[in-house]
Amino acid sequence: MTKKISILVVDDEESVRDSLYNWFIEDGYRVECAESAKMALSILESESFDIVLADIKMPGMDGLEMLKRIKSLKKETIVIVMTAFATVDTAVQALKDGAFDYVTKPFDPDDLSHLVRNASKQVALVEENEVLKQKVATLESVEDIVGASEAMQNVLRQVESVAQSNSSVIITGESGTGKELIARAIHANSSRKYFPLVSVHCGALTESLLESELFGHEKGAFTGALYNRKGRFEMADSGTIFLDEIATISPKMQVELLRVLETKSFIRVGGNKEIKSDFRVICATNKDLKSMVEAGSFREDLFYRLNVVNIHVPPLRDRAGDIPILVDFFIKKYCTSMNKPLVTIDPAALKRLEEFKFPGNIRELENMIERAIVIGNGKRIFLRDLPIESSLIDSSIESLDENEKNHIYLILNKYSWNISRAAKALNIDRVTLYNKIKKYNLNKNDK
Amino acid sequence: MNNQHITIVSFGHFENYFLNSIATEVAQILHFTVKIKEGHIDLSDFYDPFRRQYDGNKLLKIIDAEYSSDSYRTIGLFNVDLFIPILTYIFGQAYLNGTAGIVSVYRLSNERYNLAIDDDILLERTIKEVIHELGHTLGLIHCHTPTCVMRSSTYVEDLDQKSFNFCSICREKIESILADA
């Protein structure tokens, strides 16, 4: 026994209390006794017990009433009820009210030991479950959202405050900015966290497929519907549904979605039974929904229903200060998953990343780092390991010389420092290229 | 050898050989002098006609109050069927960290289970139960080691599976308790 299980014995008969006390204390449990339900409740208000062993028939408040009160005080407490006069009705009632078990006095010594051992296992399982829930919550929380910049801190503050409410949220931002991670963080920090987060990528499905995916279908609803299937709204009951690329849904689906959001009920494709589901909706889009409303391609009523809270995730180029910690995060992530020792990044390569525009945002940066770890030398990431197009390097580099130097270096790397091929690509002769290499002091192993 | 003694008080008829054997074995295991006394109580005061058994709680109280003052630990030995209000029967019981315990041979004999009479096995079971209850009086709780005498036993088969002795952990605890005594 790793933890000393605590037992509260509640019985109006002293001899019973004494017997149970002696029996359990010899088994190494922590035991206390109460002579009435009232006394037990008062003890339980100030002290918590893993198991309560209570008589049903007691003067004043009976065991069943006490059971209800204990459950309202602390739901996880395991209550075993005992009686000298067992009736099926009281047994059923006790179990309905949440009793762990029901025993008739006197018990066989072995039965009592088994009963309490099983209850102790249940206590351990409940505790283990609680610990695991906390661990899962941490894993799925904001840990994967990396960013020290003011812009990202602001987003995280919004996530925290909106998570506790039940409001619909629209997450906007360019492709690859991590909108789904934000949705996950909202769900993981909400009271719905122990229920599913169901994601639907609306853009990837045709109208009829999306309808069947969201609402489910009955067997025979259409060709290929061989079984009844739950829809995503039904799966998200008590949890959250994340509708990615919401701007891509058809006008018909917009009407259907609006109706579901208003009634929280729907009918499966091919079905006739109304199904209710309690879900929270989070949407994401990289489009300007307001402009789409103005242009008439997105319903205004649906827009307002979804857009209770808007969280805008900034593009990576607007938070270049986060790039070093993102690089560090992805290096750790991929080196660990590939079972490789941690690599470092060359300062020049990092500088270049900070200057890069990243049209594909964090997803692009992540892919670059993953690729660099795969093809690199296993110790350090150099600029040559990064597929950076010079045209997308930040225009803040105004000097022509600097741009020329970067471009030549990029082409040299592209052709593995084959001077003839690089010169041909640059449309200059080999001598000029050698002169430029000398002028800019370019070196194959430099960066 | 500790100069204090343990007393086994017998209630009802027991053969001298049986009592002396228990005393010898307990003395050897616990390193105490063990004395044997004959006790006299009117057991009808402890009889529950509804259950047709004898109240172990009340008997333990009386042993503790009236028989334990002149010895370090006292065990009352009975040959009647013992119960406590919540359990159908008990082999024995004791006060944890107390001075007294009780043991009954009633459910320890083979003939109770329609098996051939075996005095040796009855003696063995009784010795184990006496040492077990003395262990409780010395502050030991139930042990999970299968062969340790402090392992909980609800059936005679459980008693047969364990030994007279304490496991190394319980032995260490006992020695530390006795060193402080």
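The values are calculated or read from the model by the stated rules, or taken from the named source; none is laboratory data. All values derive from a computational prediction rather than experimental measurement. Glycine also receives a Cβ, built like all others from the backbone with ideal geometry; neighbour counts cover every protein chain displayed.
Kindly provide the set of residues from segment A:113-171 that are assigned to a helix (DSSP H, G or I), modelled with pLDDT of 85 or more and among the small types (Gly, Ala, Ser), ordered by number.
Passing the criteria: A:Ala119, A:Ser120, A:Ser161, A:Ala163.
Could you tell me which numbered condition A:Ile80 fails, if it satisfies all but one of (1) within 14 Å of chain B (Cβ to nearest Cβ); (2) in contact with a helix residue (DSSP H, G or I) (Cβ under 9 Å, 6 or more places away or on another chain); (3) more than 30 Å from B:Tyr54 (Cα to Cα)?
If we test A:Ile80 against (1) within 14 Å of chain B (Cβ to nearest Cβ); (2) in contact with a helix residue (DSSP H, G or I) (Cβ under 9 Å, 6 or more places away or on another chain); (3) more than 30 Å from B:Tyr54 (Cα to Cα), just (3) comes out false.
Has segment B:50-58 got any residue that is among the basic types (Lys, Arg) and assigned to a loop (DSSP other than H, G, I, E, B)?
Yes, some residue in segment B:50-58 is among the basic types (Lys, Arg) and assigned to a loop (DSSP other than H, G, I, E, B).
Inside segment B:141-162, can you point out the residues that are in contact with a Cys (Cβ under 9 Å, 6 or more places away or on another chain), among the polar types (S, T, N, Q) and either more than 23 Å from B:Asn97 (Cα to Cα) or without any contact (Cβ under 8 Å) to a residue 12 or more places away in the chain (or both)?
The answer is B:Ser152, and nothing else.
If I filter segment B:72-93 down to residues being assigned to a loop (DSSP other than H, G, I, E, B) and surrounded by fewer than 24 Cβ atoms within 10 Å (Cβ to Cβ), which single residue comes out as nearest to the other protein chains (Cβ to nearest Cβ)?
B:Pro85
For segment A:56-68, name all the residues that are under 21 Å from A:Asp18 (Cβ atoms) and either within 43 Å of the chain's Cα centre (by Cα) or modelled with pLDDT of 90 or more (or both).
A:Gly63, A:Met66
Would you be able to tell me the number of residues in segment A:293-317 that are in a helix (DSSP H, G or I) and either without any contact (Cβ under 8 Å) to a residue 12 or more places away in the chain or crowded, with 16+ Cβ neighbours inside 10 Å (or both)?
Residues meeting the conditions: 10.
Any chance segment B:55-73 includes a residue that's modelled with pLDDT under 95, closer than 19 Å to B:Leu122 by Cβ and of a type in the set (Gly, Ala, Ser)?
Checked against the condition, which is being modelled with pLDDT under 95, closer than 19 Å to B:Leu122 by Cβ and of a type in the set (Gly, Ala, Ser), segment B:55-73 yields no hits at all.
For segment B:143-157, name all the residues that are closer than 16 Å to B:Leu122 by Cα, touching a His at 6+ places or on another chain (Cβ under 8 Å) and within 11 Å of chain A (Cβ to nearest Cβ).
Of everything in segment B:143-157, just one residue is closer than 16 Å to B:Leu122 by Cα, touching a His at 6+ places or on another chain (Cβ under 8 Å) and within 11 Å of chain A (Cβ to nearest Cβ), namely B:Ser153.
Could you tell me how many of the residues in segment B:125-147 are in a helix (DSSP H, G or I), touching a helix residue (DSSP H, G or I) at 6+ places or on another chain (Cβ under 8 Å) and not polar (S, T, N, Q)?
The number of residues fulfilling the criteria is 9.
Being aliphatic (A, V, I, L, M) and assigned to a helix (DSSP H, G or I) is the filter here; which residues of segment A:15-51 pass it?
Across segment A:15-51, the qualifying residues are A:Val16, A:Leu20, A:Ile25, A:Ala37, A:Met39, A:Ala40, A:Leu41, A:Ile43, A:Leu44.
Note down all Cβ pairs under 6 Å where the first residue falls in segment A:94-108 and is modelled with pLDDT under 85, the second is among the polar types (S, T, N, Q) and assigned to a loop (DSSP other than H, G, I, E, B), and they're at least six residues apart or on different chains.
Close Cβ pairs satisfying both conditions: none exist.
Run A:Asp12 past the list (1) within 14 Å of another protein chain (Cβ to nearest Cβ); (2) in a helix (DSSP H, G or I) and report the number of the one that doesn't hold.
Going through the list (1) within 14 Å of another protein chain (Cβ to nearest Cβ); (2) in a helix (DSSP H, G or I), A:Asp12 breaks only (2).
Please find, within segment A:75-91, the residue that is surrounded by the fewest Cβ atoms within 10 Å (Cβ to Cβ) out of those that are more than 19 Å from A:Tyr21 (Cα to Cα) and hydrophobic (A, V, I, L, M, F, W, C).
Filtering first and then ranking leaves A:Val88.
Quick check: is even one residue across segment A:23-46 among the acidic types (Asp, Glu), more than 11 Å from chain B (Cβ to nearest Cβ), touching a residue at least 24 places away in the same chain (Cβ under 8 Å) and within 30 Å of B:Ser152 (Cα to Cα)?
Yes, segment A:23-46 contains at least one residue that is among the acidic types (Asp, Glu), more than 11 Å from chain B (Cβ to nearest Cβ), touching a residue at least 24 places away in the same chain (Cβ under 8 Å) and within 30 Å of B:Ser152 (Cα to Cα).
If you check B:Glu157 against the conditions, is it modelled with pLDDT under 95 and in a helix (DSSP H, G or I)?
When the stated conditions are applied, B:Glu157 passes them.
Counting just the residues of segment A:83-124 that are of a type in the set (Val, Ile, Thr) and within 14 Å of chain B (Cβ to nearest Cβ), which one comes out nearest to B:His142 (Cα to Cα)?
A:Val116
Here are A:Pro387, A:Pro341: which of them is assigned to a loop (DSSP other than H, G, I, E, B), under 30 Å from A:Leu181 (Cα atoms), at pLDDT below 85 and within 43 Å of the chain's Cα centre (by Cα)?
Testing whether each residue is assigned to a loop (DSSP other than H, G, I, E, B), under 30 Å from A:Leu181 (Cα atoms), at pLDDT below 85 and within 43 Å of the chain's Cα centre (by Cα) leaves just A:Pro387.
Starting from residues that are part of a helix (DSSP H, G or I) and within 41 Å of the chain's Cα centre (by Cα), keep the ones in segment A:92-112 and report whichever is surrounded by the most Cβ atoms within 10 Å (Cβ to Cβ).
A:Ala94
What are the residues in segment B:94-141 that are acidic (Asp, Glu) and within 14 Å of chain A (Cβ to nearest Cβ), if any?
B:Glu129, B:Glu133
Can you say whether A:Lys424 is surrounded by 12 or more Cβ atoms within 10 Å (Cβ to Cβ), more than 23 Å from A:Ile375 (Cβ to Cβ) and in contact (Cβ under 8 Å) with a residue 24 or more places away in the chain, as far as the supplied structure shows?
No.
Would you pick out the residues in segment A:210-224 that are over 26 Å from the mean Cα position of the chain (by Cα) and either surrounded by fewer than 16 Cβ atoms within 10 Å (Cβ to Cβ) or not hydrophobic (A, V, I, L, M, F, W, C) (or both)?
If the condition is that a residue be over 26 Å from the mean Cα position of the chain (by Cα) and either surrounded by fewer than 16 Cβ atoms within 10 Å (Cβ to Cβ) or not hydrophobic (A, V, I, L, M, F, W, C) (or both), then A:His217, A:Glu218, A:Lys219, A:Gly220, A:Phe222, A:Thr223, A:Gly224 are the ones that fit.
Results for (1) at pLDDT below 95; (2) of a type in the set (D, E, K, R), shown as yes or no for each residue.
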| position | (1), (2) |
| --- | --- |
| B:Gly98 | yes, no |
| B:Ser104 | no, no |
| B:Arg112 | yes, yes |
| B:Leu115 | yes, no |
| B:Val130 | no, no |
| B:Glu133 | no, yes |
| B:Leu138 | yes, no |
| B:Cys143 | yes, no |
| B:Cys148 | no, no |
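Against the conditions (1) over 18 Å from A:Ala94 (Cβ atoms); (2) without any contact (Cβ under 8 Å) to a residue 12 or more places away in the chain; (3) surrounded by fewer than 23 Cβ atoms within 10 Å (Cβ to Cβ), where does A:Ser72 fall short? Just the number, please.
It fails just one condition, (1).
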